[in-house]
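Structure first, commentary second.
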Amino acid sequence: MIREILGMAFIYIGIAFDFFGVLGLVRLPDVYNRLQAATKCVTFGTAGLLFGIFILQGFNAFGFKALIGIVFIFLAAPVAAHAIARAAHRSRIPLTSETVVDAYEKDHEIKE
Amino acid sequence: MKIIRWLLGLMIIGLFIIFNFFIYQGPILFKLINVSLFCTLFVLFRVLFGPSPADRIVAVDILGILIIGLLALLGLHYKTDFYMDIALIWALLSFIASLAFSKILEGRSLDD
Amino acid sequence: MQIKTRSRITVFILSFLVWIALTSVRDPQELVAGFVVSVLVALIAGHFFITTEKSKHFLHRMAAAILYFFKFLWEMVKANFHVAYLVIHPNVPIRPGIVKIKTRLTKETAITVLTNSITLTPGTLTVDINPEKKEIYVHWIDVKFKDVKMATKTIGGKFESRLMEVFE
């Protein structure tokens, strides 16, 4: 009984944070800000959802697959975000006009 | 202008929440799956109208993580665990796809 | 024992455990197939897992890793509420910029874990690493300090001392 309430609570929280992250993907002004909001919130939301499913199912095949999914998301999502951010900056996609400082641009010009 | 757009978005989200949680009569897991599909609609907006190619790559990457949660919820509803296998394979392929897209965007060859 | 052999044995045990968890064993044939696949994986790609000697004892490092995990989880919850506040606010109050921070860590694994943690904690995203000078370029959604020293203290300082205990 209490296991079901706890699992459903985790699933609700996960879905809510998924929604916030996708809202950030639509509202924020440039690629880097969108990447931040989307990566953080969607990773945390999906991990919470899978943890809720693990609590509901217990230690059977479904629950273990959910746990392996959590580990994989935590390892893979930041690496993909880092690769996309670096590629976007190297292919000269501009930052938004509200940007206050860009240290990478300066050092990158000197290096080439 | 900004505040009008904010109110319009709030109205759309409010209409969706009223329809999904109070008018639509179905199992609770289907309501959650509807919220997840609504998130996917926002992501598809970014894929269609993204001003730069990096925006589209970010949207596809986020779509891959959202699909894991969606498939896990479907598996929970149908009480079978092979949806989780599909979700894990989808996560692996989506991660490799984002890395390959970002390398192409950066202008390097794939075996670099 | 040589370091490559130890690394291969660790990889074999880990992959065999993952196989058992994924297949939910009903038949001895599955165990034999898992054994063969784990041995192949350990022979082909096993020597990348452990590459350097660590100075601290194993149990001490595990305790530090668990402490680090809970601190990281707390920072991540804070990050998500921060992003939710930014997204709901009518005129999005951001002040973005890319700053440069320095790190004291030397092992490659430690730097990878540090950059992944920076990406998942409040308002920061790793853009690039300069491995010779040990500098990390970080996109910050709400820039408070522009110089290197204060930014290092604010962004990387909370994780660095714990990661030193885990990985060095």
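Conditions (1) closer than 15 Å to A:Asp18 by Cβ; (2) touching a residue at least 60 places away in the same chain (Cβ under 8 Å); (3) at the interface with chain A (Cβ under 9 Å from one of its Cβ atoms); (4) of a type in the set (A, V, I, L, M), marked per residue:
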site: B:Ile65; (1), (2), (3), (4): yes, no, yes, yes
site: B:Leu70; (1), (2), (3), (4): yes, no, no, yes
site: B:Leu76; (1), (2), (3), (4): no, no, yes, yes
site: B:Trp90; (1), (2), (3), (4): no, no, no, no
site: B:Leu93; (1), (2), (3), (4): no, no, no, yes
site: B:Gly107; (1), (2), (3), (4): no, no, yes, no
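Looking only at region B:25-46, residues that are farther than 24 Å from C:Pro90 by Cα and modelled with pLDDT of 85 or more come to 10 in all.
Applying a threshold of 6 Å to beta carbon distances and a minimum spacing of six or more residues, or different chains, the list of pairs starting in region A:8-33 at a residue that is more than 9 Å from chain B (Cβ to nearest Cβ) and ending at one that is of a type in the set (S, T, N, Q) and open to solvent by less than 20 Å² (accessible area, probe 1.4 Å) reads A:Phe17/C:Asn80. Using the structure shown, decide if B:Ile104 is closer than 29 Å to A:Arg92 by Cα and modelled with pLDDT of 90 or more. No, not satisfied. Quick check: is even one residue across region A:50-71 open to solvent by less than 20 Å² (accessible area, probe 1.4 Å), within 13 Å of the chain's Cα centre (by Cα) and in contact (Cβ under 8 Å) with a residue 12 or more places away in the chain? Scanning region A:50-71, I find no residue that is open to solvent by less than 20 Å² (accessible area, probe 1.4 Å), within 13 Å of the chain's Cα centre (by Cα) and in contact (Cβ under 8 Å) with a residue 12 or more places away in the chain, so the answer is no. Annotation note: of A:Arg86, A:Arg92, the sole residue that is part of a helix (DSSP H, G or I), basic (Lys, Arg) and either open to solvent by 40 Å² or more (accessible area, probe 1.4 Å) or in contact (Cβ under 8 Å) with a residue 40 or more places away in the chain (or both) is A:Arg86.
Residues in region C:26-58 that are out of contact with any helix residue (DSSP H, G or I) (no Cβ under 6 Å at 6 or more places or on another chain) and at pLDDT below 80: C:Arg26, C:Phe48, C:Thr51, C:Thr52, C:Glu53, C:Lys54, C:Ser55, C:Lys56, C:His57, C:Phe58. Set side by side, the residues C:Lys146, C:Lys78, C:Lys100, C:Lys107 differ, and just one is away from chain A (no Cβ under 11 Å) and open to solvent by 10 Å² or more (accessible area, probe 1.4 Å), which is C:Lys107.
So how many residues does region C:37-75 have that are farther than 16 Å from C:Thr10 by Cβ, among the aromatic types (Phe, Trp, Tyr) and surrounded by fewer than 17 Cβ atoms within 10 Å (Cβ to Cβ)? Residues that pass the stated criteria total 3. What do you reckon, is A:Ile5 in a helix (DSSP H, G or I) and at the interface with chain B (Cβ under 7 Å from one of its Cβ atoms)? No; evaluated as a whole, the condition is false for this residue.
In summary, helices (runs of 4 or more DSSP H) completely within region C:74-168 and bearing 2 or more residues that are under 20 Å from the mean Cα position of the chain (by Cα) and of a type in the set (Lys, Arg) occur at C:157-167. Among all positions in region C:128-140, there is at least one residue which is on the phi > 0 side of the Ramachandran plot and open to solvent by 10 Å² or more (accessible area, probe 1.4 Å).
The rows are residues; the columns are (1) at the interface with another protein chain (Cβ under 9 Å from one of its Cβ atoms); (2) out of contact with any strand residue (DSSP E or B) (no Cβ under 8 Å at 6 or more places or on another chain); (3) among the acidic types (Asp, Glu); (4) farther than 20 Å from A:Leu75 by Cβ.
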site: C:Leu86; (1), (2), (3), (4): yes, yes, no, yes
site: C:Asn91; (1), (2), (3), (4): yes, yes, no, yes
site: C:Thr112; (1), (2), (3), (4): yes, yes, no, no
site: C:Thr121; (1), (2), (3), (4): yes, yes, no, no
site: C:Leu125; (1), (2), (3), (4): yes, no, no, no
site: C:Ile136; (1), (2), (3), (4): no, no, no, no
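Taken as a whole, the structure places A:Ala37 among residues that are closer than 30 Å to B:Arg5 by Cβ, in a helix (DSSP H, G or I), out of contact with any strand residue (DSSP E or B) (no Cβ under 8 Å at 6 or more places or on another chain) and free of Cβ contacts under 8 Å to residues at least 24 places away in the same chain.
With respect to being open to solvent by 40 Å² or more (accessible area, probe 1.4 Å), farther than 17 Å from A:Phe20 by Cα and more than 10 Å from chain A (Cβ to nearest Cβ), B:Ile23 fits the description.
The values are calculated or read from the model by the stated rules, or taken from the named source; none is laboratory data. Fair warning: this is a prediction, and the values are worked out from it, not measured in the lab. Ideal geometry is used to build each Cβ from the backbone, glycine not excepted, and the neighbour counts take in all protein chains shown. Calculation scope for accessible area: heavy atoms of the full protein, side chains included, ligands and nucleic acids excluded. Shrake-Rupley method; radii C 1.70, N 1.55, O 1.52, S 1.80 Å.
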